[in-house]
Structures are given as C-alpha cells and as structure tokens.
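Asks: This is the structure I want to talk about, given as structure tokens.
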Amino acid sequence: MTGSDPAARILIVEDEDNIALALTHVLRREGWEVSRVANGDAALPAIRAEHPDLVLLDVMLPGQSGYEICQAMRLDETLSDVRILMMTARGNAMERRKGLALGADGFIAKPFDLSTLMAQVRAMLAGETEANDA
C-alpha cells in the first residue's frame, strides 16, 4: 500500500484470544484496519457488513466451521472479491486441499511463523493466491 491507498481491511475470525490479539497487533503495525469475530456464527454477518479485503479464517470455530464460512462466502457473489486465508492446527495436505477446493485463496498451518503469515497476507492483498499453485 502506498501513501494515498486506503488501508486494507482485514477481518480475523478466530476463537482463541491469544492468537487473535497477536494477529491484530502485527497487522495493525503494518497500517491495516483490523477487526475480529470470535465464532463462526458471527462471521458471515460481519463479513457482509464490513466487506473486508481479506478474512483470516480459522477452520475450527464454535458455531459454523471455517470450511462452512468459506463455502458460503464463495456462493455469495457480493463477496467474490474478498480474499480468504484459512488457518488451522490440522495443517495436513488433505485439510489444505479441502480449504482450497472450497474457495480459500491460501492456507496456513498453526503454529505459524509471523513472517510467513505476513508474507502470505501481503501477497493476498496484492492479488496473488495459492490456489493457482495447488
């Protein structure tokens, strides 16, 4: 983002407070606008209301799962431009394929290195996706 560009808007959908606080801190430090919801049932209404540039979406959430939210977002044409980076502690290849097949733009396993996460966030905000490589 350059000086005249509006700050990217990022919504974190994460039920673990410590992870959400750490993510909020590092993302705001980059100058991005960050908000958070802590459960799956609140995610879609927040995404529709805020229309963020990127959603950091945990897979395992109370209420709807990250997979259900991802699929619902991709079925909603008004959200087609919103990037999705899925996060999960179950980072095996099958989970990754499932997330990308449902429409996620990227997938990262927890625990993740913050520099790796930040590189993925920057790439997604620039319009790059992992799905092209999967």
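Asks: Return the pairs, sorted by first residue and then second, in which the second residue is surrounded by fewer than 16 Cβ atoms within 10 Å (Cβ to Cβ) and modelled with pLDDT under 90, the first residue lies in segment 108-120 and is at negative phi, the beta carbons are less than 6 Å apart, and the residues are 6+ apart or on different chains.
Replies: Close Cβ pairs (under 6 Å, with a partner that is surrounded by fewer than 16 Cβ atoms within 10 Å (Cβ to Cβ) and modelled with pLDDT under 90) amount to 110/89.
Asks: On the given criteria, is residue 57 in contact with a Gly (Cβ under 6 Å, 6 or more places away or on another chain), in contact (Cβ under 8 Å) with a residue 40 or more places away in the chain and closer than 19 Å to residue 17 by Cα?
Replies: The answer is yes for residue 57.
Asks: Moving to a separate point now. In contact with a His (Cβ under 8 Å, 6 or more places away or on another chain), hydrophobic (A, V, I, L, M, F, W, C) and farther than 15 Å from residue 14 by Cβ: does that describe residue 102? Before you say what the answer is, go through the steps one by one.
Replies: Numbers: in contact with a His (Cβ under 8 Å, 6 or more places away or on another chain): no; hydrophobic (A, V, I, L, M, F, W, C): yes; farther than 15 Å from residue 14 by Cβ: yes.
It is false that residue 102 is in contact with a His (Cβ under 8 Å, 6 or more places away or on another chain), hydrophobic (A, V, I, L, M, F, W, C) and farther than 15 Å from residue 14 by Cβ.
Asks: Right, next: So which of 104, 126 is touching a strand residue (DSSP E or B) at 6+ places or on another chain (Cβ under 7 Å) and small (Gly, Ala, Ser)? So that I can check it myself, show each step before the final result.
Replies: On the way: 126 fails: touching a strand residue (DSSP E or B) at 6+ places or on another chain (Cβ under 7 Å).
That would be 104, the only listed residue that is touching a strand residue (DSSP E or B) at 6+ places or on another chain (Cβ under 7 Å) and small (Gly, Ala, Ser).
Asks: Looking only at segment 114-125, filter to residues that are closer than 20 Å to residue 19 by Cα and surrounded by fewer than 18 Cβ atoms within 10 Å (Cβ to Cβ); which one of those is farthest from the chain's Cα centre (by Cα)?
Replies: Across segment 114-125, the extreme among qualifying residues is 115.
Asks: Considering only residues of segment 3-22 that are out of contact with any Asp or Glu (no Cβ under 7 Å at 6 or more places or on another chain) and crowded, with 17+ Cβ neighbours inside 10 Å, which is nearest to residue 120 (Cα to Cα)? Full working, then the answer.
Replies: From segment 3-22, those out of contact with any Asp or Glu (no Cβ under 7 Å at 6 or more places or on another chain) are 3-6, 12, 16-19, 21-22; that's our starting set.
Within this subset, residues satisfying the condition of being crowded, with 17+ Cβ neighbours inside 10 Å are 12, 19.
Details: 12: 14, 19: 17 Å.
Of everything passing the filter in segment 3-22, 12 is nearest to residue 120 (Cα to Cα).
Asks: Continuing with this model, one more query. Filter segment 61-113 down to residues that are surrounded by 19 or more Cβ atoms within 10 Å (Cβ to Cβ) and part of a helix (DSSP H, G or I) and give me whichever is modelled with the lowest pLDDT.
Replies: Only one residue tops the list, namely 96.
Asks: Can I ask one more? Only one residue in 37, 82 is under 13 Å from the mean Cα position of the chain (by Cα) and over 19 Å from residue 122 (Cα atoms), so which one is that? Lay out the reasoning, then the answer.
Replies: Numbers: 82 fails: over 19 Å from residue 122 (Cα atoms).
The conditions single out 37.
Asks: Given 21, 54, which one is within 14 Å of the chain's Cα centre (by Cα), closer than 24 Å to residue 119 by Cβ and modelled with pLDDT of 95 or more? Quick ask: steps written out before the conclusion?
Replies: Values: 21 fails: within 14 Å of the chain's Cα centre (by Cα).
Going through 21, 54 in turn, the sole match is 54.
Asks: Would you check if there is a residue in segment 37-55 being in a helix (DSSP H, G or I), of a type outside the set (A, V, I, L, M) and surrounded by 15 or more Cβ atoms within 10 Å (Cβ to Cβ)? Let's see the steps before the verdict.
Replies: So the first thing to find is which residues in segment 37-55 are in a helix (DSSP H, G or I), and the list is 40-50.
Still in the running and of a type outside the set (A, V, I, L, M): 40-41, 45, 48, 50.
Remaining after also requiring surrounded by 15 or more Cβ atoms within 10 Å (Cβ to Cβ): 40, 50.
Yes, segment 37-55 contains a residue that is in a helix (DSSP H, G or I), of a type outside the set (A, V, I, L, M) and surrounded by 15 or more Cβ atoms within 10 Å (Cβ to Cβ).
The values are calculated or read from the model by the stated rules, or taken from the named source; none is laboratory data. This structure is a prediction, so every number in the text was calculated from the model and none was measured. Cβ coordinates were reconstructed from backbone atoms using ideal geometry, including for glycine residues, and neighbour counts include every protein chain displayed.
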